[in-house]
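This report concerns only the one structure given below.
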Amino acid sequence: NIVIDQNHNYFTVENNILFDKEKTRLLMYLNSKTETTYTVPEGVNILDQYSFYKVSALETVTITKDVMVIITPVFFNCPSLKEIEIPDGITSIENDIFSDCSHLTSITMKNVESIGIGSFKNCFDLETLTLPTTLKRIDSYAFEHCIQLKSLHIPNSVTFIGNEIFKNCTSLTSVTLS
């Protein structure tokens, strides 16, 4: 449990989740929590670095439209995470943000312009992914070890592709650039 004096000047706790006092920044979701779904509360603008680090029970996270900043690697090593939707206000998937989310199967992103280094590394169960037409950049090792990824369509808006973005993607049989 996270215990903070209710009169603390800088932090507050709600359901064992640590926020800044104004509840605009989610700082830590306890990795011992057992819920399988979580919706980031309205009003939270920032998901802080490692805020969901090694949370093993979460399968689905809903990020509300108020979230404008996701500090990497927020979801690093969340082995049960299966589904996530990136809100329209997020334009960058930062380095390692979903690295080691081994059971991630579905991610929805609409306005993303860049995918950082190792963003989906070791997402073993990721089979399909729809890249938005807003995407301009895919950095190195973005999909490394996505061993179930079978095909990917890269939109013609992409102007930069880093090194070895498909390293050890052993099931990949089709990549289309158009």
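Below are the figures for this structure:
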{"item": "Lone qualifier among E94, E113, E83, E164 - being over 17 Å from the mean Cα position of the chain (by Cα), acidic (D, E) and open to solvent by 70 Å² or more (accessible area, probe 1.4 Å)", "result": "E164"}
{"item": "Filter result (part of a loop (DSSP other than H, G, I, E, B) and of a type in the set (A, V, I, L, M)) within the range 116-146", "result": "I117, L126, L129, L131, L135, A142"}
{"item": "Some residue of the range 64-78 being surrounded by fewer than 21 Cβ atoms within 10 Å (Cβ to Cβ), at pLDDT 95 or above and of a type in the set (D, E)", "result": "yes"}
{"item": "Where Q148 falls short, out of the listed (1) open to solvent by 40 Å² or more (accessible area, probe 1.4 Å); (2) in contact with a Leu (Cβ under 7 Å, 6 or more places away or on another chain); (3) at pLDDT below 95; (4) not small (G, A, S)", "result": "(3)"}
{"item": "Selection from the range 79-94 of residues that are in contact with a Ser or Thr (Cβ under 9 Å, 6 or more places away or on another chain) and either modelled with pLDDT of 95 or more or closer than 18 Å to R137 by Cα (or both)", "result": "P79, S80, L81, K82, I86, T91, S92, I93, E94"}
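The values are calculated or read from the model by the stated rules, or taken from the named source; none is laboratory data. Please read all numbers here as calculations on a predicted model, not as lab measurements. So basically every Cβ, Gly included, is an ideal-geometry build from the backbone, and we count neighbours across all protein chains shown. Heavy atoms of the whole protein, side chains included, go into the accessibility calculation; ligands, DNA and RNA do not. Shrake-Rupley method; radii C 1.70, N 1.55, O 1.52, S 1.80 Å.
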